[in-house]
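Heads up: the structure comes next, in structure tokens.
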């Protein structure tokens, strides 16, 4: 018997739970605030999220289905990414509820909104970090054969970044002190980071300064 569990995803994985999002983990969370054209607010977390470029800073998230966030962003071309943190974990979870588009998730999760500087969608006031973004691109994903999927990649350029001052007091952003929560896999797994989990490894030829 082979010591590998191997499978073709199109035929099924044969396990109790799809291992894909447990393997590609933990993942940062795209906690995205947006506005509809009529001004109604939306706030939702996406576990398919990451940073893709430094200058200009480009971040992106993928939505499985054309949800309110994507519809809003396609219409208004703006959004805000809010750092999902351990103290805000329950609020983040509350905003993941499948609710009608008329529901304001800021109110649903009892979150105060703060005005943004350069874009219309508000920030989550309690988060220590927020990126105000303008749309760089929205791509519908396809499979290897070119067949359209009901999955949408939204890329945004961060045009204004807000960081709580104590997190950069040393001149370097303190990732641990920011208390990010990260998505694991399965129905309920999340992770945090800690100083004890840190290790350092420099790339070959990198400066030691």
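Mind listing P(r) for the stretch 3-71? All alpha-carbon pairs, 5 Å bins, whole percents.
Cα pair-distance distribution for the stretch 3-71, in percent: 3, 12, 17, 17, 16, 14, 9, 7, 3, 1, 0, 0.
Would you calculate the separation in nanometres between label points at residue 86 and residue 66, each defined as 7 Å from the Cα along the Cα-to-beta-carbon direction?
The two pseudo-label positions are separated by 4.1 nm.
Arrange the following residues from fewest to most other Cβ atoms within 10 Å of their Cβ: 7, 54.
Details: 7 12, 54 7.
With the sparsest Cβ surroundings first, the list reads 54, 7.
Determine the gain in length on full extension of the stretch residue 199-residue 93; use 0.36 nm per residue of separation and subtract their C-alpha separation, reporting nm with one decimal. Walk me through the intermediate numbers first.
On the way: separation 106, 0.36 × 106 = 38.16 nm, distance 2.96 nm.
My answer for the length gained is 35.2 nm.
Considering only C-alpha atoms, what is the centroid distance from the stretch 73-99 to the stretch 25-71, in Å?
Each part's Cα centre sits 8 Å from the other's.
Give, in whole angstrom and from largest to smallest, the semi-axes √(5λ) of the equivalent ellipsoid of the stretch 1-135, with λ running over the eigenvalues of the Cα gyration tensor. Please report the intermediate quantities before stating the final value.
Numbers: eigenvalues 191, 55, 47 Å².
Over the Cα atoms of the stretch 1-135, the ellipsoid semi-axes are 31, 17, 15 Å.
Give, to the nearest whole percent, the P(r) tail of the stretch 71-127 beyond 14 angstrom, counting all Cα pairs.
In whole percent, the long-distance tail amounts to 59.
For 1, 160, what ranking results if the residue with the fewest other Cβ atoms within 10 Å of its Cβ goes first?
Numbers: 1 3, 160 15.
Fewest-to-most ranking of 1, 160: 1, 160.
Normalised by the number of residues in the chain, what is the relative contact order in percent for Cα pairs under 8 Å and 6+ residues apart? Each step should come with its number before you reach the end.
Numbers: 403 pairs, mean separation 47.5, N = 209.
Relative contact order for the chain comes out at 23 percent.
Give me the percent of Cα-Cα pairs in the stretch 89-166 that sit more than 20 Å apart, rounded to a whole number. Could you put the intermediate results ahead of the total?
Numbers: 1569 of 3003 pairs.
Percent of Cα pairs beyond 20 Å in the stretch 89-166: 52.
Given the -39500 (n - 2.57) contribution per DSSP H run of 4+ residues, what per-residue ellipticity at 222 nm results for the chain, rounded to the nearest 500 deg cm²/dmol?
Working: 4 runs with 23 residues, N = 209.
Taken over the chain, the calculation gives -2500 deg cm²/dmol.
May I ask you to sort 193, 23 by Cβ crowding, counting other Cβ atoms within 10 Å and putting the fewest first? Don't skip to the answer; put the middle values down first.
On the way: 193 16, 23 8.
The most exposed by this proxy come first: 23, 193.
Every number in this text was worked out from the coordinates using simple rules, so none of it is lab data. These numbers were taken from a predicted model, which means no experiment stands behind them. All Cβ positions, glycine included, derive from the backbone under ideal geometry; neighbour counts span all protein chains shown.
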